[in-house]
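Take a look at the structure set out below.
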Amino acid sequence: MMQQETNAFGADKVTRYKWGLHDAPGRLCQVHKSKIVFDDRYQREIAKAKVVAIARDWSWLALGVITVAERDGELYAVDGMHRVSAARLRSDIQELPCVVFQSDGMQSEAQGFIRANTNRKPITTAQSHRARVVAGDETAVFVQSIIEKAGLVVSGNNTGPGRVKCMGLMHKLARSNRDALLRVWPLICEVSEGHPINEKIVDGLVYLVANASHDINEKRWRSRITNLGYSGLKSAAEGASAYYAKGGARVYADGMAQAINKGLQYKLGISND
């Protein structure tokens with residue numbers, strides 16, 4: 001839909017709604033990385049691991065531009081401190097694209113820092129997954145393939161049936177325990193029919209199929225699991241999490257195993273890590 005500068009009555013929105021305007025436009029220029037400094041009084045702490053990760057896998061497209069404030073002859077990074085720090089680790093990068101604004105002082109820079117970071121919404125795992133699929137990331141392509149084959153969809157909204165939101169977990173399992181994920185995925189989809197895919201059910205069942213004393217896909221155990229169904233498995237995982245005051249695959253699996261074993265003399269066990 002085309003966005004309009006005027007409202008339905010033709011009135012200018014800026015004037016009608018008294019929209020604010022802060023600062024003056026900046027100028028785009030190339031700045032040597034050594035000329036950009038940081039003001040620790042309003043900047044966040046440097047995360048060294050993040051700096052190294054950016055430097056190790058440098059991308060000009062991902063870099064974008066650095067937001068810089070010119071104050072008393074110095075160039076202060078208002079937004080982009082980690083990217084500048086990463087550039088300083090690389091000998092093949094000397095200048096960085098910057099938008100330089102005239103600063104009215106440290107206070108206005110801090111306000112700009114707050115606005116820049118408050119209005120920016122972090123990328124969701126679902127959005128990251130879709131981008132990784134398009135980029136050809138092997139893990140993402142694999143995860144997408146098993147989701148599509150099951151007739152499910154990736155979504156940031158996990159309230160509807162057939163939706164998968166737990167993409168961070170799916171990627172983690174695809175990298176660390178792909179065989180177990182593949183073995184139990186049909187069972188996960190079966191018990192989740194008519195519901196969104198639940199992260200605790202996925203984590204717990206993958207752990208069970210990898211560590212249980214017997215194959216949970218065997219008829220006897222599979223029947224017990226499907227009889228528990230989505231609500232039973234979810235409740236068992238959440239109950240164990242509340243009991244142990246923590247989460248995690250082993251905890252969810254333990255809760256599920258107790259529910260599966262209820263009333264049985266011959267029980268399903270879980271091997272030690």
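The values are calculated or read from the model by the stated rules, or taken from the named source; none is laboratory data. Just so you know, these numbers come straight off a predicted model, no measurement behind them. Neighbour counts run over all protein chains shown; Cβ positions are idealised from the backbone, glycine included.
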#### Entry: Subset of the range 76-85 that is within 13 Å of residue 97 (Cα to Cα) and in a strand (DSSP E or B) - its residue that is modelled with the highest pLDDT
77
### Query
Out of curiosity, is residue 44 in the same structural domain as residue 78 (by TED's automatic domain parsing), at negative phi and modelled with pLDDT of 90 or more?
no
### Query
Does residue 233 satisfy the criteria of being in a helix (DSSP H, G or I), more than 23 Å from the chain's Cα centre (by Cα) and under 21 Å from residue 147 (Cβ atoms)?
yes
### Query
Given the structure, is residue 144 over 28 Å from residue 261 (Cα atoms), free of Cβ contacts under 8 Å to residues at least 60 places away in the same chain, crowded, with 17+ Cβ neighbours inside 10 Å and under 24 Å from the mean Cα position of the chain (by Cα)?
yes
### Summary
The correct count of residues that are buried (at least 16 other Cβ atoms within 10 Å of the Cβ) and in a strand (DSSP E or B) in the range 28-48 is 2
### Query
Is one or more of the residues making up the range 8-16 at positive phi and part of a loop (DSSP other than H, G, I, E, B)?
yes
### Query
Does the range 173-191 contain at least one residue that is assigned by TED's automatic domain parsing to the domain that holds residue 238, of a type in the set (Lys, Arg) and surrounded by fewer than 17 Cβ atoms within 10 Å (Cβ to Cβ)?
yes
### Query
residue 25 fails exactly one of the following numbered conditions: (1) touching a helix residue (DSSP H, G or I) at 6+ places or on another chain (Cβ under 7 Å); (2) assigned to a loop (DSSP other than H, G, I, E, B). What is the number of that condition?
(1)
### Message
Can you report the number of residues in the range 236-273 which are at negative phi and over 25 Å from the mean Cα position of the chain (by Cα)?
### Response
24
### Conditions (1) farther than 15 Å from residue 38 by Cβ; (2) assigned to a helix (DSSP H, G or I); (3) in contact (Cβ under 8 Å) with a residue 12 or more places away in the chain: number failed by residue 112
(1)
